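Notes to accompany the following structure.
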Amino acid sequence: GARAELPIAIGPTGGIGFGWPFADVGVARAAAAAGIPYTLSTMATASIERIAREAGGRLWFQAYIFRQRDMTLGLVERAKAFGYEALMVTVDVPVGGKRERDFRNDFAIRFRFTPRNVFDFATRPLWLLGILRHGIPVLENVVGLAPEANSTAEIASSVGQFWDADFDWDGLKAMRERWPGKMLVKGVLRADDAARLVSIGVDAVVVSNHGGRQLDGAVAGLDALPPIVRAVKGRMSVLVDGGVRRGVDIVKALALGAEGVMLGRATLYGACAAGEAGAARALQILGDELVRAMQLSGVRSVGEIGPDLLAN
């Protein structure tokens, strides 16, 4: 419900410090400078406290639900204490997806030396120097949740086993009652679920299929968006993520009824290329493209963007 400079919020992305030292802080600072919200992931490489101290701005915190509920509630209480204005509960990861692309690319936090990885290191000397200088990033929010773990890989593996596959509507109601600020639920693709979220006092829904990485046959966010917008009837805010790479993509999402979009990879690409400056440049490009697309579509404000702009 609060005003932002652009119809954009930065979505939660875990582990981005592996792409550039302290990238979480850089993206958060870029978001603050652009006047848009930044969502810190539970699995970030910067802590709740670090982001609040070093970045500021409008901060949201994304929470996974763990079986040991005290783990989740402890993170939520930390976010509350450091002034995060909104809590985003992710509900589409009861278990981890089978991410075959990660297997093919040898992508894993538990690092393995392979010819491909060694070649990648050799061709990216600045990245390698950053790792050598600053060390391997740590998942700072959850490092204390697995005290028996001795490495970042072991921490990530342990925390992944904590996810609560039995989290249900009663659990969500309890989270709503505990959090005093705005609350978003991320990972919704059904209109009836969105309508039910209205009834328990959720302020916003993020229409999302988790970047297509959880269930590869899941409906696309943009396809699920219009029925959800119709179901909530303006009683809650509706955001959407997935595939937003250009300013015209933002126009399409708004035309389908979203109040805004969440970015993941767009600013992540910028941050991994040039840290805070890269993330800021990505946001600048998207903002410029959004304005240009609106001008070429004959609209003067985002409030004028509607389904009449769409060909089908």
Check your understanding: Points 7 angstrom from Cα along the Cβ direction at Arg281 and Glu177: gap in nanometres?
Key -> 5.1
Exercise for review: Any lysines with Cα under 28 Å of the Lys182 Cα? List them, leaving off those in the same chain fewer than 8 positions away.
Suggested key: Lys80, Lys173, Lys233, Lys252
Exercise for review: Under 1.5 on a/c is rounded, so check that first for region 1-73, then, if it is not, pick prolate when a/b is larger than b/c and oblate when it is not; a ≥ b ≥ c are the square roots of the alpha carbon gyration tensor eigenvalues.
Suggested key: oblate
Review point. Karplus couplings for region 52-65 from phi (6.51 cos²θ - 1.76 cosθ + 1.60, θ = phi - 60°), rounded to Hz, Gly and Pro as x?
Key: 5, 6, 9, 10, x, x, 8, 10, 10, 10, 9, 10, 8, 9
Check your understanding: Ranked highest first by average number of other Cβ atoms within 10 Å, how do 206-213, 72-79, 37-44 line up?
Key -> 37-44, 206-213, 72-79
Review point. If Lys and Arg each add +1 and Asp and Glu each add -1, what is the summed charge of the other residues whose beta carbon sits under 9 Å from the beta carbon of Arg50?
Key: -3
Revision key, fill the gap. Quick note, the chain: a/c under 1.5 would make it rounded; otherwise a/b > b/c is prolate and the rest oblate (a ≥ b ≥ c, C-alpha gyration tensor); here it is oblate
Point to revise | Between region 235-285 and region 15-42, the alpha-carbon center distance in angstrom | key: 13
Revision key, fill the gap. Applying the gyration tensor rule to the Cα atoms of region 214-311 (axes a ≥ b ≥ c; rounded if a/c under 1.5, else prolate if a/b exceeds b/c, else oblate), the class is oblate
Point to revise | Total formal charge among the other residues, if their Cβ is under 10 angstrom from that of Ala204, Lys/Arg +1 and Asp/Glu -1 | key: 0
Exercise for review: Show the residues, 5+ positions off or on another chain, whose built amide H is closer than 5 Å to the amide H of Met88.
Suggested key: Phe61, Gln62, Ala63, Leu184
Study note, to complete from the structure: Extension length gain for Asp308 and Leu73 (0.36 nm per residue less Cα distance), in nm, is 80.2 nm
Practice item. Would you kindly state how much longer the chain becomes between Arg133 and Arg53 on full extension, computed as 0.36 nm times their sequence separation minus their alpha carbon distance, in nm to one decimal? Key: 26.5 nm
Review point. Per-residue HN-Hα couplings for region 272-287, Karplus 6.51 cos²θ - 1.76 cosθ + 1.60 at θ = phi - 60°, whole Hz, x for Gly and Pro?
Key: 6, 8, 8, x, 4, 4, x, 5, 5, 5, 4, 5, 5, 4, 4, x
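Read-outs throughout are calculated quantities, based only on the coordinates presented, and are distinct from any laboratory measurement. Since the structure is predicted, the reported quantities are computational estimates derived from the model, not experimental observations. We place every Cβ from the backbone using ideal geometry, glycine too, and count neighbours over all the protein chains shown.
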